[in-house]
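The values are calculated or read from the model by the stated rules, or taken from the named source; none is laboratory data. Because the structure is a prediction, the values reported are computed rather than measured. Cβ placement follows ideal geometry from the backbone for every residue including glycine, while neighbour counts extend to all protein chains displayed. Each accessible area value is taken on the protein alone, full model and side chains, heavy atoms only, with ligands, DNA and RNA left out. Shrake-Rupley method; radii C 1.70, N 1.55, O 1.52, S 1.80 Å.
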Amino acid sequence: MTTRSVTSLIRRLSRAGFKREFVRPAMLPDWWDDSLESDSSVLSDIELRVARFLGISVAEIRDPSHALTIPAARSTVLRKATNIDADRLRPAIHTARRVAEAVARNMKANPVVTLPAKSAVWRSELVTGNDPVTLETMVCDLWGRGIPVIPMERLPSPAFQGMATIIEGRPLVLIGQKHDAPGRVSFFVAHECGHIAAGDCDNDNTIVDEQEVSSDSSAMERRADQYATRVLLGNANAATLTAENYRDLAN
């Protein structure tokens, strides 16, 4: 019979998709040391932290025989990639939503300035002439609109590329993959903004782009790619960009 302990809880989290290397910095307190795993005096505190993070009851956490499950995100639309199992992304999506909720709560006093539905209008507010839009210019504009752009420093593996969501009426963009090239990140941000501007995130939909190269050729994805292309380059006749070739143009 499995006993109630920090060690068994970490094992259950691992089976749910949250590996030890993620749990340590994301769920455990700053004062944590691995030698405390056998210390029963800290168990209740750790169980409470995990329950809050997962959004489930403490009773479920305290039952060592209970398999931990991650609540499915409401109305998640996954940009499809070949052979991807959507359930594998559930830990990463849940983590990002928790971060986004915290940011949204702390920005309640900041009004939201809606993104223009037309890409040419937003581009004209970002730059003049034919210069490519830089990542700094775009992100500063979005934060000024009350639309946070959040780079996720830590996510369970596998992670997603980008995510657009609305929480309590506030649009948010989350970037899940780490890239050194600002041009690539610019495209990811602009693509997610395309979803927001088109209203794809209405009714609490969360749009998750799993990979930068996708097999999803839906109208929604083509529209977001086109919005990103026209915001970044301003040429309505240009071939649709990818993150890779915008990196070459912008850097």
Open item on the list: Against the condition assigned to a loop (DSSP other than H, G, I, E, B), free of Cβ contacts under 8 Å to residues at least 60 places away in the same chain and of a type outside the set (F, W, Y), how does V139 come out, does it pass?
Closed with: no
Open item on the list: Could you go through region 168-186 and let me know if any residue there is open to solvent by 20 Å² or more (accessible area, probe 1.4 Å), within 20 Å of W122 (Cα to Cα) and of a type in the set (K, R).
Closed with: yes
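Report the residue count in region 113-136 for those that are polar (S, T, N, Q) and surrounded by 14 or more Cβ atoms within 10 Å (Cβ to Cβ).
So the count comes out to 2.
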Open item on the list: Restricting to region 145-165, name every residue that is among the polar types (S, T, N, Q) and open to solvent by 20 Å² or more (accessible area, probe 1.4 Å).
Closed with: S157
- [ ] Look at S186 and say whether it is in contact with a Leu (Cβ under 6 Å, 6 or more places away or on another chain) and touching a residue at least 60 places away in the same chain (Cβ under 8 Å).
- [x] yes
TODO: May I ask you to verify whether D141 is modelled with pLDDT under 95 and closer than 17 Å to F187 by Cβ?
DONE: no
Task: Number of the condition not met by I166 [criteria: (1) out of contact with any Leu (no Cβ under 9 Å at 6 or more places or on another chain); (2) not in a helix (DSSP H, G or I)] - done: (1)
Open item on the list: Give me the residue from region 102-112 that is in a loop (DSSP other than H, G, I, E, B) and closer than 11 Å to R170 by Cβ and, out of that set, least open to solvent (accessible area, probe 1.4 Å).
Closed with: M107
